[in-house]
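Heads up, the thing below is written out as structure tokens.
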Amino acid sequence: MSCRGPIADRTRQERTSPVVLTFQIDLDEQVYKSSAYGKPPQMAVWIQNQEDKHIRTIMVTYHMGACDWGGRVERPISLPYWVGFYNRQTGTSGAPTREHPAPDAVTFATPKSELIINTSVPEGSKWSYYIEVNVSGDFNADFPKQSKDGRTDRNGNGQPSLVYGGTLEAVKGAVSQPIVLGHTDQYEPVGKLKENTNGITTAPELLKTIMVSCRD
């Protein structure tokens, strides 16, 4: 028994040793520069453990996470799908506010051309991952500033956020290519995706490449 204990303990430690989950995202600057506001996108990245459903926000852009829009029009529905997961993660309700912002540890400066972020997870664990992105003011014929029935996009949302996602087992060398899961709504902070890209034109062109990988 004295021999088995240390071996068993060491084996458990090896199974649960951390690996680094890396998200690498390259943006096409011309896509957001051609929008009405010309500003870089709002973005959030988060993961959910497939076994215990634990949610972890890895990053959210500062404007959304801190509700600090620099004096410009606030855009609380920029990343509504992430907000729903964040609420379940933190036991909160609604988007972060100035009084109750997202933690500094997960708020990032708005990326202009490239984003590389890392997070450690136990080796062998299995995750679903999500990337939500939104360029404000990218109006088009299907998502105009003012609709034909007179409805005004007061938040300057334009084409609603796109959500990409996939699954990955945390094994060194694993690589995953996310796919588009759907989009949210132009006017309302919905928590359910529309599983199509109907009417979406420039938004899918924003992210030139997205790669999710594991390393030690």
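Quick notes on this one:
- Ignoring lysines fewer than eight residues from LYS148 along the same chain, the ones with Cα atoms less than 22 angstrom from its Cα are LYS194.
- Amide H contacts of VAL190 (H built 1.01 Å from N, under 5 Å, at least 5 apart or other chain): ASP185
- Taking the Kirkwood radius as Rh and the Cα radius of gyration as Rg, the chain has a ratio of Rg/Rh equal to 1.05.
- Sorted from longest to shortest, the spans of the Cα atoms of the stretch 109-212 along the three principal axes equal 53, 27, 20 Å.
- For the stretch 110-126, 3J(HN,Hα) per residue [Karplus equation, 6.51 cos²θ - 1.76 cosθ + 1.60, θ = phi - 60°, Hz, x = Gly/Pro]: 4, x, 9, 9, 8, 9, 10, 9, 10, 8, 8, 9, x, 4, x, 6, 10
- The chain: most fluctuating residue of GLU123, GLU51, GLU195 per GNM, C-alpha cutoff 10 Å: GLU51
- DSSP bridge orientation in the chain - percent antiparallel, rounded to nearest 5: 95
- Sequentially through the stretch 194-210, phi angles give Karplus couplings (6.51, -1.76, 1.60; θ = phi - 60°) of 8, 7, 7, 10, 4, x, 7, 10, 7, 3, x, 7, 5, 8, 5, 9, 9 Hz, Gly and Pro residues having no value and appearing as x.
- A crude spin-label estimate for the pair THR209 and ASN140, with each label 7 Å from Cα along the Cβ direction, gives 2.4 nm.
- Taking the centroid of alpha carbons for each part, the stretch 167-216 and the stretch 34-55 are 9 Å apart.
- Above 12 Å, the calculated P(r) of the stretch 170-212 contains 70 percent of its Cα-Cα pairs.
We did not get these values from a lab; they are worked out from the coordinates using the rules stated. Quick caveat, the model's predicted, so the values are computed rather than measured. When we count neighbours, we look across all protein chains shown, and the Cβ atoms used for this are built from the backbone with ideal geometry, even at glycine.
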